Amino acid sequence: MVYTLPKLPYAPDALAPVISQETVDYHYGKHEKAYIDNLNKLIDGTIYADMPLEDIIRTADGPLFNNASQAWNHIFYFFAFSPEGGGEPEGELRKAIDEQFGSFDDFKKEFEEAGTKIFGSGWVWLSKDNDGKLFITQTSNAGNPLTDGLQPLLVFDVWEHAYYLDYQNRRAEQLHRLWEIVDWSVVESRY
Ligand code: MN
């Protein structure tokens with residue numbers, strides 16, 4: 001299998017000013033493309049060539065895990081945004097958030113804090129287990145909750161390349177503003 005960079009469902013300048021066109025061009029167009037190119041080189045002619053990407057993430061380690069997981073993580077991240085995003089989740093997901101975190105505002109606060117406190121590069125996740133229970137977790141570098149048996153629902157990227165062009169060192173500010181572009185219909189569909 002040869003992986004390609006999926007076209008985003010919005011224009012590169014559509015998420016501004018929360019995420020600028022320059023960041024989309026570098027972060028998705030260059031960083032994510034490099035992970036996908038590396039993934040293709042690493043799987044070529046191996047047992048991983050026809051393995052579903054999520055299974056590669058669950059079983060590989062080293063450079064293959066890093067590039068496979070980063071390829072997956074960035075698509076998951078960018079495809080949950082929309083220029084018409086923001087607002088609040090609804091339905092079963094909203095019910096679970098209110099039950100487990102107290103309120104949507106409490107959930108957002110806990111999620112932002114978890115992302116702010118990651119030391120170095122990584123990701124902050126909302127995931128669910130097989131019973132629909134929600135978890136906020138942190139992963140370092142290329143980490144992914146799939147390796148812990150969880151199903152991811154939403155992720156924010158806290159690598160410096162995600163925010164440095166727009167927010168310089170102010171990671172917490174980017175995390176706080178990303179809620180303005182989250183497409184909750186996508187996140188609900190993952191629950
Ligand atoms: Mn990134």
Helices (runs of 4 or more DSSP H) (entirely within the range 12-80) containing at least 3 residues that are within 16 Å of the ligand (Cβ to nearest atom): 33-43, 62-78
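For (1) open to solvent by 40 Å² or more (accessible area, probe 1.4 Å); (2) acidic (Asp, Glu); (3) over 15 Å from the mean Cα position of the chain (by Cα); (4) within 28 Å of Glu84 (Cβ to Cβ), each residue gets a yes or a no:
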| position | (1), (2), (3), (4) |
| --- | --- |
| Asp131 | yes, yes, yes, no |
| Gln138 | yes, no, no, no |
| Gly149 | yes, no, yes, no |
| Arg170 | yes, no, yes, yes |
Every residue from the range 1-31 that is open to solvent by less than 40 Å² (accessible area, probe 1.4 Å) and aliphatic (A, V, I, L, M): Leu8, Ala14, Leu15, Val18, Ile19, Val24
Residue in the range 94-109 that is more than 14 Å from the ligand (Cβ to nearest atom), under 20 Å from the mean Cα position of the chain (by Cα), on the phi > 0 side of the Ramachandran plot and not aromatic (Phe, Trp, Tyr) present: no
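The values are calculated or read from the model by the stated rules, or taken from the named source; none is laboratory data. Remember, it's a predicted structure, so these values are computed and weren't measured experimentally. Heads up, the Cβs are rebuilt from the backbone with ideal geometry, glycines too, and the neighbour counts pull from every protein chain shown. What goes into the accessible areas is simple: the full protein's heavy atoms, side chains included, and nothing from ligands, DNA or RNA. Shrake-Rupley method; radii C 1.70, N 1.55, O 1.52, S 1.80 Å.
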